[in-house]
1. Determine the pairs where a residue that is over 14 Å from Val15 (Cβ atoms) and without any contact (Cβ under 8 Å) to a residue 60 or more places away in the chain, located within segment 26-49, has a partner that is among the hydrophobic types (A, V, I, L, M, F, W, C) and not in a loop (DSSP other than H, G, I, E, B) with Cβ atoms under 7 Å apart, the partner being 6 or more residues away or on another chain.
2. Would it be correct to say that Ala166 is in contact with a His (Cβ under 6 Å, 6 or more places away or on another chain), under 17 Å from Arg59 (Cβ atoms), open to solvent by less than 10 Å² (accessible area, probe 1.4 Å) and not β-branched (Val, Ile, Thr)?
3. Inspect segment 196-207 for any residue being within 16 Å of the chain's Cα centre (by Cα) and open to solvent by 10 Å² or more (accessible area, probe 1.4 Å) and give the result as yes or no.
4. Please determine whether any residue of segment 1-23 is in contact (Cβ under 8 Å) with a residue 12 or more places away in the chain, over 22 Å from Ser174 (Cβ atoms) and not hydroxyl-bearing (Ser, Thr, Tyr).
5. Quick check: is even one residue across segment 62-80 within 29 Å of Ala203 (Cβ to Cβ), in contact (Cβ under 8 Å) with a residue 24 or more places away in the chain and either open to solvent by 40 Å² or more (accessible area, probe 1.4 Å) or touching a Gly at 6+ places or on another chain (Cβ under 6 Å) (or both)?
6. Going through Gly111, Gly136, Gly99 one at a time, which residue ends up being within 26 Å of Pro50 (Cα to Cα), touching a residue at least 60 places away in the same chain (Cβ under 8 Å) and either open to solvent by less than 30 Å² (accessible area, probe 1.4 Å) or over 16 Å from the mean Cα position of the chain (by Cα) (or both)?
7. Need pairs with beta-carbon distance below 7 Å; first residue closer than 16 Å to Gln138 by Cβ and within segment 182-209, second of a type in the set (Val, Ile, Thr) and open to solvent by 30 Å² or more (accessible area, probe 1.4 Å); sequence gap 6+ or separate chains.
8. In this structure, does Gly106 turn out to be more than 14 Å from the chain's Cα centre (by Cα), at positive phi and surrounded by fewer than 18 Cβ atoms within 10 Å (Cβ to Cβ)?
Amino acid sequence: MLLAELRRVAPGDAVAKIIVTRGPATRGYAPRAGSRGTRVVAAFAAPDYPPQHARDGIRARRCALTLSEQPRLAGAKTLNRLENVLARAEWDDAAISEGLLGDAGGHVVEGTMSNLFIVHGGVVATPALARCGVIGAQRERARELLGGAGYECVERDIRWAELEVADEAFLTNSLIGIWPIAALGDRRWGAWPIARQLQQLVARDDARA
């Protein structure tokens with residue numbers, strides 16, 4: 001049924017968005033007895049991101065906003081994206097393509113619209129998202145593809161200082177693909193061998209779909 005709905009709203013190339021709610025209810029927070037969930041399926045034109053973001057890397061910034069922690073919601077992509085909205089409002093410099101968010105414990109967690117990976121000594125790591133953050137579909141795909149290519153890819157807490165000394169860093173998202181980070185504050189990166197290989201792995205995987 002879902003596949004049929006997707007084909008109906010997006011007969012061609014498009015970005016599909018699926019929203020699942022607990023169903024109709026009156027005012028208040030208590031669930032309505034016997035209510036059935038509602039599924040909303042919509043389609044939008046794909047965003048036109050500059051190709052040089054994937055080719056040359058992007059400039060990122062550290063956001064001032066600190067993510068709140070709620071383990072029961074951690075990992076899930078809910079409709080409450082107010083923290084991301086506030087963080088994205090922190091800058092209007094067109095040269096900055098993404099902002100990175102951290103928690104109160106001094107760990108980097110994710111981007112406003114992306115997941116983060118760092119590489120140190122050939123080992124790939126991505127922030128653990130047991131307390132806050134969103135487990136993106138492209139993040140999980142990247143982990144699977146990197147593992148299949150023989151890379152160790154660990155999920156753990158990552159401090160901001162580790163990001164600054166990483167051999168390379170890159171962002172993932174289902175719409176942006178893989179964006180290497182070229183600059184974060186005063187830190188600069190100019191080569192991203194693992195990010196480049198991951199871009200190729202994703203392209204090959206897309207071609208098989």
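1. Gly37/Val20; Arg39/Ile18; Arg39/Val20; Val40/Ile19
2. yes
3. yes
4. yes
5. Yes, that holds for at least one residue.
6. Gly111
7. Matching pairs, first to second residue: none at all.
8. yes
The values are calculated or read from the model by the stated rules, or taken from the named source; none is laboratory data. All of these numbers come straight from a predicted model, not from anything done at the bench. When we count neighbours, we look across all protein chains shown, and the Cβ atoms used for this are built from the backbone with ideal geometry, even at glycine. Calculation scope for accessible area: heavy atoms of the full protein, side chains included, ligands and nucleic acids excluded. Shrake-Rupley method; radii C 1.70, N 1.55, O 1.52, S 1.80 Å.
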